[in-house]
Amino acid sequence: MKYKTLFSVLLSLSTLACSSLPTATEPANRFLAQKQTVIDTSSDLMWSRCLLGASWNGTTCEGRPTQYGWQEIHDVVKTLNYAGYSDWRVPTLEELKSLAVSKSSPPELEKFYLDNQIFPIPNCQGKQTGAGLNSNGHICWHWTDSPIEGSKHYAWILYFGYGYGSANYEADTFPLRLVRNAD
């Protein structure tokens, strides 16, 4: 019985926390794309272009991103050297939500997604089929560094197909997009 109550509370919190994603009012040149990284000029954060495990080939991300448990992502970033930097970290829910741009067609059906020119993850606007995969098999859920308040084993994940957030058990596996403060 307590499990059903916890699930209900977590579901309510996930809707509340992700209901106000940013809209596409920001300038198109907000993101400065480099080879493996992107600088968000509005937040002064540097992001990995590809999810960890995939690699930038000069045009797009290739390979399947590695999926990690929540504790594992924290262990991985401690020893990681990516694109010449070793101070990467796991993004907070708010930081990750800030990457979303909206596509309004028609305007009343606003959908939030990542700009595929900047952060290539194809087809994240499809039907989700479980385990973080959409109908085309692409990974669209991202881990955050934000634990669920009052819980010892749940943390936030974000789905960029529709800007949907969810509370997830720490042992479940999802990919990671790296972030660091830009120099």
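Check Ala100 against each of (1) free of Cβ contacts under 8 Å to residues at least 12 places away in the same chain; (2) farther than 18 Å from Ala155 by Cα and name the one condition it does not meet. It fails just one condition, (1). Among the residues of segment 139-149, is there at least one that is charged (D, E, K, R), at pLDDT 80 or above, part of a loop (DSSP other than H, G, I, E, B) and touching a helix residue (DSSP H, G or I) at 6+ places or on another chain (Cβ under 7 Å)? Within segment 139-149 (the criterion being charged (D, E, K, R), at pLDDT 80 or above, part of a loop (DSSP other than H, G, I, E, B) and touching a helix residue (DSSP H, G or I) at 6+ places or on another chain (Cβ under 7 Å)), the answer is no, since none of the residues qualifies. Quick one: Met46 ticks every box in (1) outside any loop (DSSP other than H, G, I, E, B); (2) without any contact (Cβ under 8 Å) to a residue 60 or more places away in the chain bar one, so which box is it? That leaves (2) as the condition not met.
Restricting attention to segment 28-43, which residues are basic (Lys, Arg) and in a loop (DSSP other than H, G, I, E, B)?
Hit for segment 28-43 is Lys35, nothing else.
Would you tally the residues in segment 49-82 being on the phi > 0 side of the Ramachandran plot and crowded, with 17+ Cβ neighbours inside 10 Å?
0
Take the conditions (1) under 17 Å from the mean Cα position of the chain (by Cα); (2) part of a loop (DSSP other than H, G, I, E, B); (3) of a type in the set (Gly, Ala, Ser); Ser55 misses just one of them, which is (2).
Across segment 160-183, the qualifying residues are those that are in contact with a Phe, Trp or Tyr (Cβ under 8 Å, 6 or more places away or on another chain) and modelled with pLDDT under 80, and the one among them that is surrounded by the fewest Cβ atoms within 10 Å (Cβ to Cβ) is Tyr162.
Scanning segment 126-134 for any residue that is in contact with a strand residue (DSSP E or B) (Cβ under 9 Å, 6 or more places away or on another chain), at pLDDT 90 or above and assigned to a loop (DSSP other than H, G, I, E, B) turns up nothing.
Here Ser105 clears all of (1) assigned to a strand (DSSP E or B); (2) hydroxyl-bearing (Ser, Thr, Tyr); (3) modelled with pLDDT under 85 except the condition numbered (1).
The values are calculated or read from the model by the stated rules, or taken from the named source; none is laboratory data. Remember, predicted model here, so these are calculated numbers, not experimental data. Backbone-built Cβ (ideal geometry, glycine too); neighbour counts: all protein chains shown.
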